[in-house]
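Heads up: the structure comes next, in structure tokens.
Read-outs throughout are calculated quantities, based only on the coordinates presented, and are distinct from any laboratory measurement. This one's a predicted model, so the numbers in the text were calculated from it and none came from an experiment. When we count neighbours, we look across all protein chains shown, and the Cβ atoms used for this are built from the backbone with ideal geometry, even at glycine.
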Amino acid sequence: MLKELIVKDVKNTLRDLKIVVGAIILPFIIFSIMGIAISAGAGQMVQEVAEKVKTISLIVCDEDASNYSTLYVSFLEKVAGNTTYSTSCNASPEELLDQGYDLVVIIPKGFGENISNESPANVEVYTRVRGVSLTAVSLASAMVSVVRSAANMLSSYILTQAGVSPEFAFNPLRIESLVTIRGETVDLRVLESIASSMFMLIFAPLVVVSSALGMAATSMAKENEEKTMEILLTLPVPRMHIVLSKLVGTMILVALSTISFMGGFAVYMGSIMAMASAPEGSEAGTGLGAAGFIDPALMALFGAVIFISLMAVAALGILLGSIAPDSRAVGTYVGPMSMLVMIPAFILMFVDLSSLPPAGQVALLLTSPFTAAVILVKAWFEGAYTFIVASIGVSLAFVIVLLYLSSALLGSEKLLSLQYRFRRMRSGRWRRKRLGLFSKG
């Protein structure tokens, strides 16, 4: 008897097309696409980093011109093919990077004297990144590793000298790795921390967006489930007022969600930046340093974008909730859709906005209602402010269009027919009828 009951329940479940598609087919398709996207992004990142390191263009500004500094430069020439040597770089590191150099190495005065006194000598390394993608930061780290390789060669040489302290010989240089981004200078460790936490930076807004989508859709679907939608539609009230009332009610909760998210986001990023704070006295103490990242303008804009994004998905939820006959059916839409919007966000982990072709940038903007917060953070670092404006514009247009469609749907007979079709699909009768499984009598 137990076997028959199990078979019956399994058959009843498989007759529900939405369960088959939502719980079996879509997860396989979506996670396969996500895996392919991440794999392709990681592969492209490794290839780009490997190719760039082979063709790195490096300039050394040797302000010390001592025997040890000259020796260190010779080691740099061995590990970096295209090396330019100068004892008097009149231009600033930023200006040298503008001239086409990938890496600027500055050996300050006192370098040789410090090593002779068995005191760590300072070396400043400057490079430039376009954004905070994993590819950009990995490329910067790989280029700086060239300088560290030369430092290891110098360490091996010092170890051959008699009477040298092994503790000093293993760490003869104090390398300060600095990166210029958006016209500012920041310690490389700060960007590495941001890049390593990029997953949470991307995942957290998407969780809030998914919650707003489900909340709005459920609110509207309950009207259908509790049979109060018919009463609302018979009242002498404009259909847009019904839609707006749902939107405003949802947005009150969304506003509280935004405030909560912003507070948690500020604490999260503050903790990350505190762990990666630049060394005392370095140039990275300003601009986009540990405290500089939590820019009031960025935080205010981030909060506004989160709110607009949540309003957009709430409008979509209202439209979906109008079609769904009950709150249970809402999960058919919300679950797969929440996973789908993560695909472009995961791609953004590996690429910078400026590196995307025009078609890719347009496609990314079309996902703005779901990924606006992620786009904002990346565009802010890259200085692509027009991208921020365009993203907000697309999100607002999305809200207006969906509100109009929802009010138009409520004012027509199509709503009831769509709900009826959905119920038939859910029960599985439409499929059995098409297959001729219904017997007369």
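Counted by Cβ distance under 11 Å from residue 88, the other residues give a net charge of -2, where Lys and Arg count +1 and Asp and Glu count -1. When 98, 187 are arranged by Cβ crowding within 10 Å, least crowded first, meaning fewest neighbours, the order is 98, 187. The length gained on full extension between residue 40 and residue 82, counted as 0.36 nm times the residue separation minus their Cα-Cα distance, comes to 12.1 nm. With K and R counted +1 and D and E -1, the other residues having a Cβ less than 9 Å from that of residue 111 yield a net charge of -3. Of the chymotrypsin sites (Phe, Trp or Tyr not before Pro) in the stretch 150-196, not one is in a loop by DSSP (not H, G, I, E or B) with at most 11 other beta carbons within 10 Å.
Distance between the 7 Å Cα→Cβ label points at residue 234 and residue 255: 3.4 nm. Distance from the alpha carbon centroid of the stretch 366-381 to that of the stretch 179-196 works out to 19 angstrom. Whole-Hz Karplus values for the stretch 154-163 come out as 5, 4, 4, 5, 5, 5, 7, 7, 6, x Hz, taken residue by residue from phi with 6.51 cos²θ - 1.76 cosθ + 1.60 and θ = phi - 60°; glycine and proline positions read x. With R₀ fixed at 25 Å, the C-beta to C-beta distance from residue 50 to residue 356 puts the FRET efficiency at about 0.70. Taking the DSSP bridge list for the stretch 56-181 and keeping only pairs wholly inside it, about 15 percent are antiparallel. Taking a threshold of 24 Å on the Cα-Cα distance, which of the pairs 52/78; 8/222; 11/222 fall above it? Pairs exceeding the cut-off: 8/222; 11/222. You can think of it this way: the chain between residue 113 and residue 171 has 19.3 nm of extra reach, that is 0.36 nm per residue less the Cα-Cα gap.
Neighbours of residue 102 by Cβ distance under 10 Å: Lys/Arg scored +1, Asp/Glu scored -1, total +2. Taking amide H atoms as placed 1.01 Å from N in the peptide plane, the amide H of residue 122 lies under 5 Å from those of 174, each 5 or more residues away in sequence or on another chain. For the stretch 56-181, pairs of C-alpha atoms spaced more than 21 angstrom apart make up 37 percent of the total. Packing, taken as the mean count of other beta carbons within 10 Å per residue, orders the peptides 113-124, 207-218, 305-316, 350-361 from highest to lowest as 305-316, 207-218, 113-124, 350-361.
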